[in-house]
Amino acid sequence: MPLMNASLIRNSCARAATLLTSTSFEIMIGTFYPRFIFLPLVLIFFASVSFPLQGQTRSADATVVQLNHLTSFSALPNGIDLRDGEAHMQIVALREEVVRIRVSRSKELPEDASWAVFKEARQSTVTVTPDNTAGTVGFRTQALRVSVNRQTLALTIADSGGNVLQEDAQPIEYHGDSFRVYKTMPLDEHYFGLGDKPGPLDRRGQTFTMWNTDEYGFQESSDPIYKTIPYFMAFRAGHALGIFLDNTWRSSFDFGRQTPNTYSLGAVNGPLDYYLIYGPTPKQVVQTYAWLTGTMSLPPLWSLGFQQSRYSYTPQSRVLEVADRLRAGHIPADAIYLDIDYQQQNRPFTVDQNRFPDFRGMISKLASENIHLVVITDLHIANYPGHGYAPYDSGMAGNHFVKNPGGSVYSGMVWPGPSVFPDFTRAKTRDWWGGLYQDFSRMGIAGFWNDMNEPSVFNVPTKTMPEDVVHRIDEPGFMKRSATHAEIHNLFGMENSRATFEGLKKINPDSRPFVLTRATYAGGQRYAATWTGDNSSTWNHLRLTTPMLENLGLSGFALSGADVGGFAGTPQQDLLTKWLEIAAFQPIDRDHTEKGTGDQEPWVGGPEPESIRRRFIEERYRLMPYLYTLAEEASRTGVPIERPLFLEFPNATSDHHPIDIDPQVAGEFLLGPDILVAAPPYPDKLDNYAVEFPSAKWYDYWTGQLVPKPAPLNRDANAPPSATDLLPLTTSVHPEVASLPVFVRAGAILPIAPLTQSTNEVPQGALTLRVYAGDACAGHLYLDDGKTNAYKTGASLQMDFHCEVSADGIVVRVGEHKGSYPAWWQQIRVEVYGWAPRKRTAQLNGKITDATMDVTPTKATLTIQDDGRGAVLEVE
């Protein structure tokens, strides 16, 4: 008799156990065998089969194990330790509002190590108060109550007021090596995050797979794509809870697609280790997630300027031609990118001397025009032995490449042909990789672009290297061991960008690196900016960009963008124009397209579209003080530059649903807390559309006029309220190619600079403060040299601004200069919107000023001296 598969034996055992309880089974078997013969045989069979651990239930499919019974527990100073037979669950409070849950089927929890979460955060602790009842065990913090059902092991998280934030819908399940966690999904709860997955902003009703994939020309329903950020925010009735599953294996999230009232998360292998982060506001959740996984570094100022790219600008004369055209056309710009064709036969860290005969001279020429060069450096190294190719030779000498299971170096086909891949889970390999940038950095290359780092491999169905390829984890904070690519795949791109970032810091310790990565993992924002990958030149992809960037921002990546104009294909002229308009208000503004497409620079199409596009790029440069201030805030707090409306206005609607889920708001986003960009929800439609505002008072950015409240509709008093009835303010907009509706929050004070052609230029003239009269009137400005790390030792400038409107007039308070960095201005031009002076008199620091006041129907303007000590301007 052949040997039976163990799982088949256990399955047969489970089925037999079910049949033994059936009378029909007894009748059936008794027909053929006397009971006294059958029963001993059954007992012998069952005695030979191992049964589930106490408290764990196996389904008919014996590979499924449910954790559904509490067999013992013990209190911890910062939480609780629970057992279900041998299965182990530990719940601890890291902060008053942060809980970590770790689960293992065995007695011991897995290694406490993470590529994403700081060791200091994982080891953080607060003392908790035990909270046990007849039916539950658990604990309380100042913000949360954690309860575990004694009978079912079901976990419930509530706030201190007893409002349930999350509860298990069914027991945790293990299917062989994989696991799944199930949570109840209230009808009014919405889900945001998971990085730049395409589709609506709200993840409800969708499923997602986390497996970094080179998905050229992805579409709205494409999944997976380039990144793995297994973190999302649940938002319900104004309250927010963040959930982060720290697992690098292939994972998945189901927001009610399989079971309407349940969302679930799980992975094919690896640790069941997840964090719950309570706000209660969405912004607090974002900031606490940044505490766990980090923030972006303060970027160089030039990276916020307009960037021109394509696959590929070649030869050298074409690069200089583009630079000259930008400057001759007075189109502000700060960077040009080189894709793979600048390299010799696509080999990273080489230069094709035929196409670029004076590479160093070209970089110097661009620098003289205040244009920074960014070059691509893919992570695949050409498998090119015996030809003096230094990256390959030094990598082999240092044993730096990923191995096949048998120990040979893995090789896969990519742009250079057969290629090998650095083993970035080794600290020594990352050091080696970082050192490869030495020559490029000395040439003056300003930034580096890590592409293809999912990693992408050609000519294989999986688009990547085999899952059994071996990595060697040799990293501080981790046990030294080997791991398969199935475990490392999703963090490979992040560790690539980490190696680049850390290498550049070692080469130029006082300069801020700029690294752009396509693939990454949670926490990758510490090392690189990112973009949404190989999108398409379609109106629908322009529409998809806003929710993708918003969800990236909520997921930690404050500095992100999309290929402006679309990568795959040649855009229609109006599409390119509209995309450049919208991108002028987004964190990264990079125009990029693929090989074989038409030209996509701002001047394409003639003087008329060029004039429109130039105007919006110029507006970005005028807003640079505001934009850079937002970048500095993001580097400290994790609050994104581009934001969904609910992040600043969680209670914008009367029924407390997040305003961003309204269909009309799909094109809207906030640039910081104060500027609302109201692109149409479908940018190719010609119909009027409604702009929904999250609060009651907004100004038109372009005219300074207050947005009027719409006239009340004559409607049946018995009719149900419409969506706009629940909002404080709406307005109707007619879409036009040459315009983009942009609005400013009442109470905002925006710092505005004179126009420059690059961020390297020192603005000439006064700093403008646009004061928009309203409640809580305030603004902030941050400034430094934009290049070095001197700001860390105080070489920065910060100013706060406030205004107060009363029956007697308006008072504008200009704060003192804090920090040692000098201002580029000596005067401040104050523009006040939404308020008109009666007497047209002004006092500066209590004294009558003879400064000329200019009054128009929309604003009052006055220019004052700024000596750095602060000033109080009173106008009547």
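The values are calculated or read from the model by the stated rules, or taken from the named source; none is laboratory data. Since we're looking at a predicted model, the values are computed, not measured. In this analysis, Cβ positions are derived from the backbone assuming ideal geometry, glycine residues included, and neighbour counts consider all displayed protein chains. We work out accessible area using only protein heavy atoms, side chains counted, and drop any ligands, DNA or RNA first. Shrake-Rupley method; radii C 1.70, N 1.55, O 1.52, S 1.80 Å.
A few comments on the model shown:
- Here the range 597-609 is the region considered, the condition is being surrounded by fewer than 23 Cβ atoms within 10 Å (Cβ to Cβ) and in contact with a Phe, Trp or Tyr (Cβ under 9 Å, 6 or more places away or on another chain), and the residue that is farthest from residue 668 (Cα to Cα) is 597.
- Test: residue in the range 823-843 that is in contact with a Leu (Cβ under 6 Å, 6 or more places away or on another chain) and aromatic (Phe, Trp, Tyr): yes
- Elements of type strands (runs of 3 or more DSSP E) in the range 479-558, at least 2 residues being within 17 Å of residue 427 (Cβ to Cβ) and touching a strand residue (DSSP E or B) at 6+ places or on another chain (Cβ under 6 Å): 481-484
- Of the residues making up the range 67-94, those that are of a type outside the set (Gly, Ala, Ser), part of a strand (DSSP E or B) and either in contact with a strand residue (DSSP E or B) (Cβ under 6 Å, 6 or more places away or on another chain) or surrounded by 20 or more Cβ atoms within 10 Å (Cβ to Cβ) (or both) number 13.
- Exactly one residue out of 549, 504 is open to solvent by less than 10 Å² (accessible area, probe 1.4 Å) and touching a residue at least 24 places away in the same chain (Cβ under 8 Å), and it is 549.
- Set 58, 83, 102, 95: member being modelled with pLDDT under 95 and of a type in the set (Lys, Arg): 58
- Exclusive hit being closer than 17 Å to residue 769 by Cβ and open to solvent by 50 Å² or more (accessible area, probe 1.4 Å), set 804, 876: 804
- The range 237-261 residues that are open to solvent by 20 Å² or more (accessible area, probe 1.4 Å), paired with ones that are of a type in the set (A, V, I, L, M) (beta carbon under 6 Å, 6 or more apart): 249/267; 249/268; 250/268; 261/185
- Criterion (at positive phi, in contact (Cβ under 8 Å) with a residue 24 or more places away in the chain and touching a strand residue (DSSP E or B) at 6+ places or on another chain (Cβ under 6 Å)) met by exactly one of 779, 846, 819: 819
Per-residue answers, yes or no, for (1) out of contact with any strand residue (DSSP E or B) (no Cβ under 7 Å at 6 or more places or on another chain); (2) under 30 Å from residue 533 (Cβ atoms); (3) surrounded by fewer than 16 Cβ atoms within 10 Å (Cβ to Cβ); (4) basic (Lys, Arg):
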| residue | (1), (2), (3), (4) |
| --- | --- |
| 133 | yes, no, yes, no |
| 137 | no, no, no, no |
| 144 | no, no, no, no |
| 147 | no, no, no, no |
| 156 | no, no, no, no |
| 171 | no, no, no, no |
| 184 | no, no, no, no |
| 199 | yes, yes, no, no |
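- Those residues of the range 416-431 which are more than 26 Å from the chain's Cα centre (by Cα) and surrounded by fewer than 21 Cβ atoms within 10 Å (Cβ to Cβ), in sequence order: 417, 418, 428, 431
- Considering the range 206-236, the residues that are under 25 Å from residue 284 (Cα atoms) and assigned to a strand (DSSP E or B) include one that is most open to solvent (accessible area, probe 1.4 Å), namely 236.
- Qualifying residue in the range 578-596 (condition: of a type in the set (Val, Ile, Thr), out of contact with any helix residue (DSSP H, G or I) (no Cβ under 7 Å at 6 or more places or on another chain) and farther than 22 Å from residue 334 by Cα): no
- Hits in the range 443-463 - residues which are in contact (Cβ under 8 Å) with a residue 12 or more places away in the chain and more than 26 Å from the chain's Cα centre (by Cα): 443, 444, 445, 458, 459, 460
- Checked against the criterion of being under 14 Å from residue 100 (Cβ atoms) and either of a type in the set (Gly, Ala, Ser) or modelled with pLDDT of 95 or more (or both), the candidates 116, 143, 154 yield just one match: 116.
- Just one residue in the set 697, 709 is open to solvent by 20 Å² or more (accessible area, probe 1.4 Å) and at pLDDT 95 or above; that residue is 697.
- There is no residue in the range 518-531 that is modelled with pLDDT of 95 or more, among the charged types (D, E, K, R) and over 17 Å from the mean Cα position of the chain (by Cα).
- Selection count where residues are open to solvent by less than 70 Å² (accessible area, probe 1.4 Å), out of contact with any Leu (no Cβ under 6 Å at 6 or more places or on another chain) and within 22 Å of residue 759 (Cβ to Cβ), scope the range 351-375: 7
- Test: residue 298 is under 30 Å from residue 613 (Cβ atoms), touching a residue at least 24 places away in the same chain (Cβ under 8 Å) and surrounded by fewer than 23 Cβ atoms within 10 Å (Cβ to Cβ): yes
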